[in-house]
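S.K.: First the structure, which I've put down as structure tokens, then a few questions once you've had a look.
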Amino acid sequence: MPRHRLVLILACVVGLVITAGLAWNAGVFKSEPPVPIGGPFQMVDQNGKPATEKVLKGKWSLVFFGFTYCPDVCPGTLQALSAATDQLGPKAKDLQIVFISVDPGRDNPEQMKTYLSNDFIPKSTIGLTGTPEQVQVAAKAYKVYYAKSGEGPGYTMDHSTVTYLMDPKGRYKTVIPYGSPPDEIARRVGDAMREG
């Protein structure tokens, strides 16, 4: 092999080693830890009692952000979560639904309690609300988008529509997309419970 070719190959190898070293130092090959879902919050439940992220401890939790004046997305999601809970059978005793309001202007504890008394919502459902600042903290912890839409008493709220499954230690397990049928929700929850 001619000497000039050998020098060229050697120069390319040295260049690749230097480039790889610089990329390594810049963190190109390091995987970033996932952005955590969930975290501390301070709110009140539908009975007016203070509630924190500790309500998620001890049971699997389906956490959904919405509001009681929601015309379709929220009641539809809560109905699907309720039907999935029924499909889980005896496992359902280890599962709770946590409905967090993004409409603190209207969803006070009394309104939450009235709303959660609907027949299509399991009696064990926990409703959480609070001040605008408290709602903002909880929504930020769960990476939830929400915004007021419209003016006057008939305004509505735009908001994220996914449901989060949290394990009995309050840690994020998986997301359940909006519109998932009850059997799919039940399957995902059941699989997560088996995996632990």
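S.K.: With a cap of 15 neighbouring Cβ atoms within 10 Å, and only residues DSSP puts in a loop, list the GluC sites (Glu not before Pro) found in segment 107-171.
M.R.: On the way: sites: 110, 133, 151; in loops: 151.
Hits after loop and neighbour filter: 151.
S.K.: Put 160, 61 in order of accessible area, largest first, 1.4 Å probe: what do you get?
M.R.: 160, 61
S.K.: Let me ask another. Within 14 Å, Cβ to Cβ, of residue 37, how many net charges do the neighbouring residues add up to if Lys/Arg are +1 and Asp/Glu are -1?
M.R.: Details: positive: 140, 143, 169, 171, 173; negative: 53, 167.
Surrounding charge for residue 37 is +3.
S.K.: Which log10 I(q)/I(0) values does segment 55-196 give at q = 0.15, 0.16 Å⁻¹ under the Debye formula, counting every alpha carbon as one identical point scatterer?
M.R.: Calculated log10 I(q)/I(0) at the listed q: -0.70, -0.80.
S.K.: Report, in debye and to the nearest 20, how large the dipole of segment 30-109 comes out about its Cα centre when Lys and Arg carry +1 and Asp and Glu carry -1 on their Cβ. Please list the in-between numbers first.
M.R.: Details: 8 positive and 8 negative charges, 68 e Å.
Rounded to the nearest 20 debye, it is 320 debye.
S.K.: Which loop-located chymotrypsin sites (Phe, Trp or Tyr not before Pro) does segment 148-196 contain, where loop means any DSSP state but H, G, I, E or B and the Cβ has at most 14 other Cβ atoms within 10 Å?
M.R.: 155, 178
S.K.: If you don't mind, there's one more thing I want to ask. For segment 43-121, compute the orientation-averaged projected area of the C-alpha convex hull (one quarter of its surface), in nm². Write down the numbers at each step before the final one.
M.R.: On the way: hull surface 20.7 nm².
For the Cα atoms of segment 43-121, the hull's average projected area reads 5.2 nm².
S.K.: Rounded to the nearest 0.05, what FRET efficiency do residue 47 and residue 137 give with R0 = 22 Å and r taken as the Cβ-Cβ distance? Could you check?
M.R.: Result of the calculation: an efficiency of 0.60.
S.K.: So how compact is segment 132-193: Cα radius of gyration and Dmax in angstrom?
M.R.: Cα radius of gyration and Dmax of segment 132-193 are 14.8, 45 Å respectively.
S.K.: Residue 171 to residue 124: FRET efficiency via 1/(1 + (r/R0)^6), r the Cβ-Cβ distance, R0 22 Å, to the nearest 0.05? Mind dumping the intermediate values first?
M.R.: Numbers: r = 21 Å, r/R0 = 0.93.
E between residue 171 and residue 124, to the nearest 0.05, is 0.60.
The values are calculated or read from the model by the stated rules, or taken from the named source; none is laboratory data. The structure presented is a predicted model; accordingly, all values stated were derived computationally and were not measured. Because the Cβ atoms are built from the backbone with ideal geometry, glycine has one as well, and the counts that use them run over all protein chains shown. Each accessible area value is taken on the protein alone, full model and side chains, heavy atoms only, with ligands, DNA and RNA left out. Shrake-Rupley method; radii C 1.70, N 1.55, O 1.52, S 1.80 Å.
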